[in-house]
Amino acid sequence: MEKEQKSFIKRCFDLAKLGAGSVSPNPMVGAVLVHDGRIIGEGFHQRYGGAHAEVNAVASVLPIDRALLPYSTLYVSLEPCCIFGKTPPCTNLILQEKIPKVVISCLDLSPEVRGRGVDILRAQGVEVVSGILEAEGQALAATRNIAVTQERPYIVLKMAVTSNGFFAPLDGKQFWITQAISKRLVHRWRMEADAILVGTATALIDDPQLDNRHYFGKSPLRIVLDRDLKLPPHLKVLSDGHPTLVVTEQFSPEGGNSAVQYLQLNFDSSFWPILMAKLWKEYKLGVVLVEGGAKVLEGLIAQNLWDEARVFIGKTNLPGGIPAPTLPSPVQQSIRFGVDRLNVYKNDK
Ligand SMILES: NC(=O)c1ccc[n+]([C@@H]2O[C@H](COP(=O)([O-])OP(=O)(O)OC[C@H]3O[C@@H](n4cnc5c(N)ncnc54)[C@H](OP(=O)(O)O)[C@@H]3O)[C@@H](O)[C@H]2O)c1
């Protein structure tokens, strides 16, 4: 029984991940309807504001199988919602369709749900099993759960480090550390994020486009720190017509490029928590990918404002340079990626 529950919940996880990059700030969710060991319906949350996974799973059931719903089990990677948001509550749908059993991986930590979805179903006689592959379910829902519990986006740090531990040369010139295939993976991460953030020196030295051109899907918002508005307007992030948010201490300049917006903030010791809170509350950004440079990454690490770090170790060497920022957690996963190595860290503090 438990083996069967795990395998259907794993299927929910796989379906949920198909929504990566399209559903934030909502969570990725997958659902499977099973009758007598046979999958009769599947669905996932496909886009922000669109139908939830449970609704898509029910809608996918063939007319010939619809009569089986009152004898089926609904598997969902996350607790069904019980509130009227952009769509009606999924608990209503489950009750309307008379689905007698629901198996979930983990609870939705949104303050207005948090176990209430389960309670409503149980109160109406639905059997609910919770906690199947819970840690994996929580990891999948982490972007949403961080946002609703800490009122800030899920923060992913990304960096490349030479095999002898340097982050960049000291001469202010761009130096490429990893191979082309790693760049492609980074573009996939960009598609999955709502925004990419970089520091002033990185914008100036690398003049990056910070878009997704080597993977499918959307490009995120670009966020650039520029305390004194000294970045020259010809930089790609300020001139290519794609949206950029410049975070500055100065007043917004008159005229200029309409794709560039300004956010005025004090650059004091509470800069990072205030910025991150604003990015969640005012800009509804659920996932921010921080692509450097070292000072920006170190600032966020020092304030414990990060959730995940993805560090490429390249084959290249530098005779000296800016030392790579260090992370206060052990490597959780280490993967060979062509000639590079990718180390993944999770912040468990
Ligand atoms: N290996 C990698 O993964 C990677 C990734 C990105 C960049 N890089 C390289 O890293 C180098 C740049 O790194 P960096 O550490 O010198 O610069 P950075 O982190 O890109 O930018 C730091 C600058 O941003 C401004 N800033 C404003 N508010 C800040 C805040 N709260 N925290 C931190 N910075 C703030 C400051 O400039 P002002 O004082 O002028 O305001 C600061 O000096 C470049 O060579 C680039 O090519 C490497």
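A few notes on this one:
- Size of charge dipole - the chain - debye, nearest 20, with Cβ of Lys, Arg +1 and Asp, Glu -1, no other charges: 600
- Dipole of the chain computed with +1 at Lys/Arg Cβ and -1 at Asp/Glu Cβ about the Cα centre; of Leu297, Ile132, Phe337, farthest Cα towards the positive end is Phe337.
- With Cα atoms defining each centre, the stretch 87-130 and the stretch 1-26 are spaced 17 Å apart in the structure.
- Centre separation in Å (Cα based) which lies between the stretch 53-68 and the stretch 209-241: 43
- Considering only Val339, Val156, Val23, the Gaussian network model of the chain with Cα springs below 10 Å gives its largest mean-square fluctuation to Val339.
- Point-charge dipole on Cβ atoms (K/R +1, D/E -1) for the stretch 151-346, about Cα centre, debye to 20: 720
- CD proxy at 222 nm, helix term only [per DSSP H run n ≥ 4: -39500 (n - 2.57); per residue of the chain; nearest 500]: -8000 deg cm²/dmol
- The share of alpha-carbon pairs in the chain lying farther apart than 36 Å comes to 29%.
- Quotient of the Cα radius of gyration of the stretch 136-246 and 2.2 N^0.38 Å, N being its number of residues: 1.18.
- Scoring 238-251, 296-309 by mean Cβ neighbours within 10 Å over their residues and listing the highest first yields 296-309, 238-251.
- You can think of it this way: the chain between Arg47 and Glu298 has 87.0 nm of extra reach, that is 0.36 nm per residue less the Cα-Cα gap.
- Inter-label distance, nm, simple model (7 Å from Cα along the C-beta direction), Ser130/Lys278: 3.7
- Residue of Gly43, Gly125, Gly217 that the Gaussian network model of the chain assigns the largest fluctuation, springs spanning Cα pairs under 10 Å: Gly125
- Ordering Ser219, Asn266, Val246 by Cα displacement along the dipole of the stretch 181-271 toward the positive end leaves Ser219 in first place; charges were set at the Cβ atoms of Lys, Arg (+1) and Asp, Glu (-1).
- Net length gained if the chain between Gln138 and Gln179 were fully extended (0.36 nm per residue, minus Cα distance): 11.5 nm
- Cross-link table Lys183/Lys278; Lys158/Lys346; Lys173/Lys230; Lys6/Lys158, entries beyond 22 Å C-alpha to C-alpha: Lys183/Lys278; Lys6/Lys158
- Enclosed volume per residue, in Å³, of the convex hull spanned by Cα atoms of the stretch 151-346: 118
- The simple spin-label model puts a point 7 Å past each Cα toward its Cβ; for Glu254 and Arg227 those points are separated by 2.8 nm.
- Anchor Lys10: aspartates and glutamates whose Cα lies under 14 Å away (excluding residues fewer than 8 positions away in-chain): Glu2, Glu42, Glu134, Glu136
- Principal axis analysis of the Cα atoms in the stretch 63-159 yields extents of 52, 25, 24 Å, listed in decreasing size.
- Estimated inter-spin distance, Ala59 and Leu18, nm [label 7 Å along Cα→Cβ]: 1.3
- Here the gap between Asp348 and Ser334, fully extended at 0.36 nm per residue and compared with their Cα-Cα distance, gives a gain of 3.3 nm.
- Value of Rg to Rh for the stretch 231-349 (Rh from inverse mean 1/r over Cα pairs, i.e. Kirkwood): 1.01
- The stretch 1-141 shape via C-alpha gyration tensor axes, a/c threshold 1.5: rounded
- GNM remark for the chain: springs join alpha carbons under 10 Å apart, and the peak mean-square fluctuation among His187, His52, His234 falls on His234.
- Percent of beta bridges antiparallel (DSSP, the chain, rounded to nearest 5): 40
- Within the stretch 306-348, the ratio Rg/Rh, alpha carbon atoms throughout and Rh by Kirkwood, equals 1.00.
Throughout, read-outs are computed from the coordinates displayed, never taken from laboratory work. Computed from a predicted model, the values in this text were never measured in an experiment. Ideal geometry is used to build each Cβ from the backbone, glycine not excepted, and the neighbour counts take in all protein chains shown.
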